[in-house]
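Note sheet for the following structure.
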Amino acid sequence: MHDIWNPWHGCVKYSEGCKNCYMYVLDKMRNQDGSHIYKTNDFAYPLSKNRDGTYKIQSGEKIRVCMTSDFCLEEADIWRDDVWS
Ligand code: SF4
């Protein structure tokens, strides 16, 4: 496991399972609103490279994606096609 990649942040509480969402709790502690969904500065993180030109995330490495959102969020539809390029 390499790292965490959050291409967008914020989410919609869809079900009872979202009641105690840790992202909402952490955002509230920072006086932010977890329902505010936005594209992060890390959007292109998988394409970022080290000084020696190698990719920060190597082929085959596992990475946790969307730890502060839902990858399939409807509000993220406009970004999803670009997330792979
Ligand atoms: S991040 Fe997960 S738990 Fe939190 S609101 Fe979204 S789907 Fe629910």
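Read the figures in this text as sums done on the coordinates, not as results from a lab. These numbers come from a predicted model, not from an experiment. Quick reminder, even Gly has a Cβ in these numbers, built from the backbone with ideal geometry, and neighbours come from all protein chains shown.
Give me the pairs, please: first residue somewhere in the stretch 68-80 and touching a residue at least 40 places away in the same chain (Cβ under 8 Å), second residue anywhere and away from the ligand (no atom under 15 Å from the Cβ) and part of a loop (DSSP other than H, G, I, E, B), beta-carbon distance under 9 Å, and either six or more positions apart or on two chains.
Pairs found: Trp79/Phe43.
For residues in the stretch 50-85 being surrounded by 13 or more Cβ atoms within 10 Å (Cβ to Cβ) and of a type in the set (Lys, Arg), which is nearest to the ligand (Cβ to nearest atom)?
Among them, the one singled out is Arg80.
Which pairs do you get when a residue that is part of a loop (DSSP other than H, G, I, E, B), found in the stretch 19-36, comes within reach of a residue that is more than 8 Å from the ligand (Cβ to nearest atom) and among the polar types (S, T, N, Q), reach meaning Cβ atoms under 6 angstrom, with the pair 6+ apart or on two chains?
Filtered contacts from the stretch 19-36: no entries.
Under the condition of being acidic (Asp, Glu) and farther than 15 Å from Ser85 by Cα, which residue from the stretch 1-49 is farthest from the ligand (Cβ to nearest atom)?
Asp3
Give me a count of the residues in the stretch 7-49 that are among the basic types (Lys, Arg) and either loosely packed, with under 10 Cβ neighbours inside 10 Å or under 14 Å from the mean Cα position of the chain (by Cα) (or both).
Final tally of qualifying residues: 3.
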